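See below for the structure under consideration.
What follows is calculated from the coordinates using simple rules that are stated; it is not laboratory data. Predicted model only: the values in this text are computed from it and were never measured. Heads up, the Cβs are rebuilt from the backbone with ideal geometry, glycines too, and the neighbour counts pull from every protein chain shown.
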Amino acid sequence: MLGDIWNSSEFTAKKLGITEYRLSYLRESGLLKPGIHWKSSPYGQKKPWNPKALYNTKMCKKIINNIYLDEKDNLAA
């Protein structure tokens, strides 16, 4: 079985080696796509208009690796 693929921002950021702020920036800037890389979690929240984001760590890692590889290539050029 695949198990639960959705993780908290704290866990995902730690697993990817970036800050939660950077992870949030990538989501808000559109690099991480809703439904693929992240989804909203309204469970247990009193403010449904400001739900917490849950992340698919495996899919986020692919994007993060591409971003850092592109940055390294640009610095080397």
### Summary
Phi angles of the stretch 52-58, converted by Karplus (6.51 cos²θ - 1.76 cosθ + 1.60, θ = phi - 60°) into ³J(HN,Hα) in whole Hz with x for Gly and Pro, give 6, 9, 10, 10, 8, 4, 4
### Task
Pull up all non-local amide H partners of Asn7: gap of 5 or more, or a different chain, and H-to-H distance under 5 Å with H placed in the peptide plane.
Tyr55, Asn56, Thr57
### Contour minus Cα-Cα distance for Glu10 and Ser29 (0.36 nm per residue)
5.0 nm
### Task
For Lys52, go through the lysines and keep the ones whose alpha-carbon is under 27 Å away, minus same-chain ones fewer than eight residues off.
Lys14, Lys15, Lys33, Lys39, Lys61, Lys62
### Query
For Ala13, what charge total do you get from the other residues with a beta carbon under 10 Å from its beta carbon, if Lys and Arg give +1 and Asp and Glu give -1?
+1
### Message
Could you derive backbone 3J(HN,Hα) for the stretch 60-67 from the dihedral phi with the Karplus parameters 6.51, -1.76 and 1.60 (θ = phi - 60°), listing whole Hz in sequence and x where the residue is Gly or Pro?
### Response
5, 4, 4, 5, 4, 4, 5, 4
### Message
How far apart, in nanometres, would the label points at Glu20 and Ser41 be if each is projected 7 angstrom from Cα along the Cα-to-Cβ direction?
### Response
1.1 nm
### Task
Could you go through the stretch 20-25 in sequence order and give the Karplus-derived ³J(HN,Hα) for each residue, using 6.51 cos²θ - 1.76 cosθ + 1.60 with θ = phi - 60°, rounded to whole Hz, and x for Gly and Pro?
5, 4, 5, 4, 5, 4
